[in-house]
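Working notes, beginning with the structure itself.
FYI, it's all coordinate maths here, none of it is from the lab. Since this is a predicted model, take the numbers as computed values, not measurements. Glycine also receives a Cβ, built like all others from the backbone with ideal geometry; neighbour counts cover every protein chain displayed.
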Amino acid sequence: MRRNLMFIVTVLVSLSFITLAVQASSLPFSVDAEIGFLYDFDSDQILYSQQGDQPWIPASLVKIMTMYVALDAIDRGDRSLEDTVVVSERAWRMGGSQMFLEVGERVSIESLLYGIAVVSGNDASVAIAEALAGTEQSFVRWMNDKAQELGLALQFADVHGLSEDNRITARDFALLVSHYLNDHPEALAYHQERSYGYQPRSRTSPIVQNNRNGLLWRFDGADGLKTGFLTKAGYNLVATAKQDDRRLIAIILGAANERRREDEVTMLLNYGFRSFESVNLEELLPKREERVYKGRENSVIFAPQNPVITIPRGARQALTIEILSEPAIAPIEVGQRIGEMVVSYEETELGRTALVASAEVLRGNIFRVILDTFVLFFQQLITRP
């Protein structure tokens, strides 16, 4: 992008007390697991990455995508939460974690969602896949199509995570969770339940099981998300928590045991909440007008598309904000990109966001168009190297 129009706002203060940065290349510690990753949900920034791009077997973390695709289908109106499903023998025969479904009984879609999110039911995962797509493999194709649609390097071979052919990276899985929570915030109502009881047809009382995610008891603000274990994968955990209107997503893959994965996720979340803060860029840079060419209006007000950025605590007054833009030419639609904002700290870029138009600007009359055509032509002559 050419820098035809640029201004820089800089405020200098003493920086001697600031020692933290968001660069993953200078990690302040290591996690006691194969992979560790910390992602800021609100600003879309990586706060920590240890082997974040290494492929790994997700185990039951797969069920997050199962839930995602199922909730997509419900949103489309393919099925409703109240619809009932007849449990197949194949679903009933699933080993590992179970909701304890029985062959031929009817169970609601909503009950299956609780069975997947809270007790990690492999039987519930197959039952919901068969109900929505006809077969598990058809549903798995939907899962892989969803990953491709989102541009994520994720590979799914089943709906429950028992296969060692499933593959994720922590980076792309954090992005998946971010999309999931944006598209289906109601999903947290399932994931944050500490226990769930299901009463099979053959029993006189419910089978109550606790949520596998121990952080729901241990960490303030934790409200999800999913655990996983296979011998070759180790102990996995993706967790999310919200404190002071900030949501973080932490991932640990390949820990030695359940306690270790929870301790390491706790360390990541504490690091993220204590060492960083969110800043609204509109507080630092008021909305401003951009000159518009060939339009009925002479200017348009713009704003950051994503006004939230995460910075080291105490660094607010030391941010450098750079506005990059090219000539804005009408017609301009609301939300149209007209530039870019780059935010840096100590010459290190922290993040960037598009600048978008806050109002529509229609094309001007023929005289305005001709006049501005000449103006742009001579500006290009002056700025040409």
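Of the residues ALA318, VAL292, VAL119, the one whose Cα sits farthest towards the positive end of the charge dipole of the chain is VAL292 (charges of +1 on Lys and Arg Cβ, -1 on Asp and Glu Cβ, taken about the Cα centre). Close amide H contacts of GLU105 (hydrogens built in the peptide plane, cut-off under 5 Å, sequence separation of 5 or more or a different chain): VAL87. Classify region 191-342: rounded, prolate or oblate, from the alpha-carbon gyration tensor (a ≥ b ≥ c, eigenvalue square roots; a/c under 1.5 rounded; otherwise prolate if a/b is larger than b/c)? It comes out prolate by the Cα gyration axes. Think of the chain as having a plus end and a minus end, set by charges on the Cβ of Lys, Arg, Asp and Glu; of MET267, ASN365, TYR39, ASN365 sits farthest toward the positive end of this dipole. Every pair of different Cα atoms in region 116-248 enters the Kirkwood calculation, which places the hydrodynamic radius at 16.2 Å. This model, with +1 at the C-beta of Lys and Arg and -1 at the C-beta of Asp and Glu, gives the chain a dipole about its Cα centre of some 420 debye.
Less than 5 angstrom separates the built amide H of PHE276 from those of ARG313, all sequence-distant by 5 or more or on a different chain. Placing a label point 7 Å from the Cα of VAL369 along the Cα-to-Cβ direction, the residues of region 277-319 with a backbone N closer than 18 Å are 292-298. When the trypsin sites (Lys or Arg not before Pro) in region 47-126 are filtered for DSSP coil states and for at most 12 other beta-carbon atoms within 10 Å of their beta-carbon, the remaining sites are ARG93. Each Lys and Arg adds +1 at its Cβ and each Asp and Glu adds -1 at its Cβ; summed about the Cα centre, region 250-385 shows a dipole of about 320 debye.
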